[in-house]
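First the structure, in the form of structure tokens, and then the observations on it.
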Amino acid sequence: MRHQNGRKKLNLKYSHRVAMLRNQLIHLIQYGCLVSTRARVKEVQKFADKVVTIARVGNEFNARRRVHALLPYKEEAVIKLFKEIAPQYTERPGGYTRVIPMGKRISDTATIARLEWV
């Protein structure tokens, strides 16, 4: 049973799913937007809100260590998160991203959405 389980499996194994979410979050941090399927965007949105909430406290050692554990691939993305993105949301209680629906993909009619910072 999947009672009170808030994460989607996205038809991927755990290691592949975690790597995909990390890479898409890094893309969101670097470029400011992400275009993907709606299910993936919703999962990346949960992950992004969690990471920004950790980074809001500032450039402290423990916060930086926790974010680096979640995003170990690109140090540049962690630096940009702490210097540019997180300081914008210090007074905001949550909801750092928005999902904009973009219609259906022609090839397989998957629902496409765009994720961007508020």
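Values quoted throughout were computed directly from the atomic coordinates according to the rules given, and no laboratory measurement underlies them. Every value quoted in this text rests on a predicted model; they were computed, and no experiment measured them. In this analysis, Cβ positions are derived from the backbone assuming ideal geometry, glycine residues included, and neighbour counts consider all displayed protein chains.
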Candidates Asn62, Asn23, Asn11: whichever shows maximal mean-square fluctuation once the chain is modelled as a Gaussian network with Cα springs under 10 Å: Asn11
Loop-located GluC sites (Glu not before Pro) in the stretch 38-109, at most 16 other Cβ atoms within 10 Å (DSSP): Glu60, Glu91
Cβ charges +1 (Lys, Arg) and -1 (Asp, Glu), total dipole of the chain, debye: 540 debye
Low-density loop positions, chymotrypsin sites (Phe, Trp or Tyr not before Pro), the stretch 59-118 - DSSP coil, at most 14 other Cβ in 10 Å: Tyr73
Between 0 and 90°, nearest 10: helix 61-70 axis offset from the chain longest Cα axis: 20 degrees
Kirkwood Rh in Å, taken over the stretch 1-91 so that all alpha-carbon pairs contribute: 13.8 Å
